[in-house]
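The values are calculated or read from the model by the stated rules, or taken from the named source; none is laboratory data. Given the structure is predicted, the values throughout are model-derived calculations rather than measurements. In this analysis, Cβ positions are derived from the backbone assuming ideal geometry, glycine residues included, and neighbour counts consider all displayed protein chains.
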Amino acid sequence: MASPEREAVAATAIVEDMLRMHGERLGGGGGVGEVLVMGRNIDMAWRKAEVAAVRRNEAASWLRRTVGVVCAKNLAEEPSEEEFRVGLRNGIILCNAVNKIQPGTVPKVVEVHSVSTIPSDGSALCAYQYFENVRNFLTGLQDLGLPTFEVSDLEKGGQGVRVVDCVLALKSFAETKQLGKQSLFKHGGIVKPSMSAKCSVRKNEPFMKAMTRSHSAELLRDGVSLEQTLGLDCSLEPAETITSDSIRMLVQTILSDKKPEEVPLLVESLLSKVIHEFERRMANQNVLVKYTIDPNDSSSVCKTESSDTPQEMEATSTSDHGKMDEEDHESVTNHVKTDEEDNSCVTNNVKMDDEDHNSVGSTGDVSAVVLVNGDSVAKDIQARADIHFELQKKQIQDMKSNLCTVKSGIEQFKLQYSEDLAKLGNHLRTISHAASGYHKVLEENRKLYNQIQDLRGNIRVYCRVRPFLPGKVSSSSCVAGIEDRTITLMTSSKQGKDARKSFTFNRVFGPLATQAEIFVDMQPLVRSVLDGYNVCIFAYGQTGSGKTFTMSGPKILTEEGLGVNYRALNDLFDIQAQRRDTFCYEISVQMMEIYNEQVRDLLHSGPNKKLEIRNSSQNGIAVPDANRVPVASTSDVVDLMNLDHKNRAVCSTAMNDRSSRSHSCVTVHVQGRDLTSGTVLRGCMHLVDLAGSERVDKSEVVGDRLKEAQHINKSLAALGDVIASLAQKNAHVPYRNSKLTQLLQDSLGRTSKNIDVCSHSPRTGCRW
Ligand SMILES: Nc1ncnc2c1ncn2[C@@H]1O[C@H](COP(=O)(O)OP(=O)(O)OP(=O)(O)O)[C@@H](O)[C@H]1O
């Protein structure tokens, strides 16, 4: 049979099965109600009877046509079940029919010519005739591989439906033979041999059994009993004849009791079940094909499953099979391995000799199809495996190539890395060398810097002219002129040339000079303190000339008004911060005053006590008993200054409302440790606001003020003597002549740098 025909019949069979199962379920379905069940049972029985009658009539009609009306005179055109059984009971019609189709199947037919001798119930039939004819007929059917029936089925109470099935199978066989084709499906696919007929399959028995087992197992899985299956299958006719009629009747049976609105849903449900069943059977067949190729090779099945869907497999199978003809069949047979040890399944299916092969080609046909498909699938799998293998081979080659590239890249990277490392090492050595040299350079720099400061003068004297104070404006100024370093004064007591007198300083600042301008020239010395030098900046001048203003600032402090003290400390903190990576500095402050030749601690809150000055103490502290307060910021200094001003002895005089009656000294101690070498540098800076020199007659002081003035003038004269000695580089410097010079001794020595700000009152001139 051609492939499309096969598919059509297979599909029909599935549809029919589904319809039958559906019908069974409808017919046997319980739980709705007894009346309904009974009604359905009656309907089903009636419909079954109707179907049986149609089939019986078909069988009778065919027999009559085959043997002729004369021979079939005892068989009505549309017989009842009893008439059908009685008409065929003597076996004459059956034997003649089979001999017509396959001559010689029944070698000798016992004929009974006397019609009158045959009773209606056949009871008088000769037992020999009865037995011989029917037995020979059944044997002949067995030889043809057709379904048979029991002899007792022709007796009263026997299953006449089996006889009908048998006749219809014979009819199908005849029609197939007439077409000159061996129908695989009619004999081995759709129509199953009757179990009760002691199946007469001989030469194609293994395949028939396999198909029966397969089909029965499928139906059993679906909940249909074997008896039902066999009963239904036995009632089947060859596919080509039954398809349209039986399906139509089944559909009619199922739909007859349905309401019109239920029909679409029912049809839809049936169709989906049919499709599902069809797919399931195709999948099962696919699995069977795979196992037939090599049941022991699970890998081949896996490969097939992974590469082909069941539908694709079936399509391939069908297509391949469709090309087969008799010649193909022979060639395919060569592919079949008949070695039982190698492949028992295949051997069971195709174990036949040449004679069997010809006579029951349909069974061999199936096996061959399976094997052809298997071969094709195997080739396909092999082809795919080859492609896959080639792909993997190429990928491995690519990976190898990549690996080589990566390896060479890593080698290059390693080379580059070692080169970079060597360069880095060289850089590091250079930096290390530079770092070690840095401190030498720093030291050299420090020395050079301070040499410059020395060249500029260890003792520098600046002159600042105070502006006229509000409300105390004089009509004439004694300052005749101010140049960069020279100031010219007019003295009223002299006339002519002698009246003008010029004085030279390191620099002269006019009345408009700001606090910041004043500090610029002192700033470099602040750095020297951090380099370990001692510095002394003091303001000297007549009372009221602006010494306190220059050193500290106005009474109400503003940022612009900050005096030298604040600015110097600010600079110290700034330079300390700049050098924090190389030096660690500790800055502390002492604030003292010398009042009436007594040293007093201005940071001591209690009653003042007399402090001792110790010369050249090891740590550079001249007055060790005075409070020494560490400072870290300008605000700390401001707080201390406020305390200083509060404690300092001041008094109103005729020259100054708030005249300082003591020498004030802010001593800043700096200790710096070189973080690399550990060298410790100590520097000291005295910021001194001297008491104003005054002419006692002009200041009009008496009593304590007079005494204060005398001490002030005496100590200032001693300071003048020391500075003069230092300037003249005398061997002896008279430090001990006053407390002031003793206190400042460290800062007035060789390693010290001194600045005198000679404050000048334009009214009264300078006493310097
Ligand atoms: N450059 C200046 N600009 C403005 N005002 C100033 C200046 N110098 C001083 N003064 C003011 O002059 C007055 C006297 O100044 P200051 O007290 O500083 O003098 P002194 O020299 O310290 O006096 P003494 O020696 O008596 O203490 C203050 O009121 C001060 O504010």
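Structure above, values below:
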{"read-out": "Filtered residues of segment 682-713 (kept if at pLDDT below 85 and near the ligand (Cβ under 10 Å from one of its atoms))", "value": "691, 692, 693, 694, 699"}
{"read-out": "Positions within segment 718-735 being in contact with a helix residue (DSSP H, G or I) (Cβ under 6 Å, 6 or more places away or on another chain) and part of a loop (DSSP other than H, G, I, E, B), in sequence order", "value": "733, 734"}
{"read-out": "Condition met for residue 638 (closer than 17 Å to residue 587 by Cβ, modelled with pLDDT of 70 or more and either in a strand (DSSP E or B) or within 10 Å of the ligand (Cβ to nearest atom) (or both))", "value": "no"}
{"read-out": "Total residues in segment 521-550, condition within 16 Å of the ligand (Cβ to nearest atom) and either in contact with a Pro (Cβ under 8 Å, 6 or more places away or on another chain) or closer than 20 Å to residue 593 by Cβ (or both)", "value": "14"}
{"read-out": "Segment 92-120: number of residues that are assigned to a loop (DSSP other than H, G, I, E, B), at pLDDT below 80 and exposed (fewer than 12 other Cβ atoms within 10 Å of the Cβ)", "value": "4"}
{"read-out": "Residue in segment 642-674 that is farthest from residue 746 (Cα to Cα), counting only those that are at pLDDT 80 or above and within 15 Å of the ligand (Cβ to nearest atom)", "value": "662"}
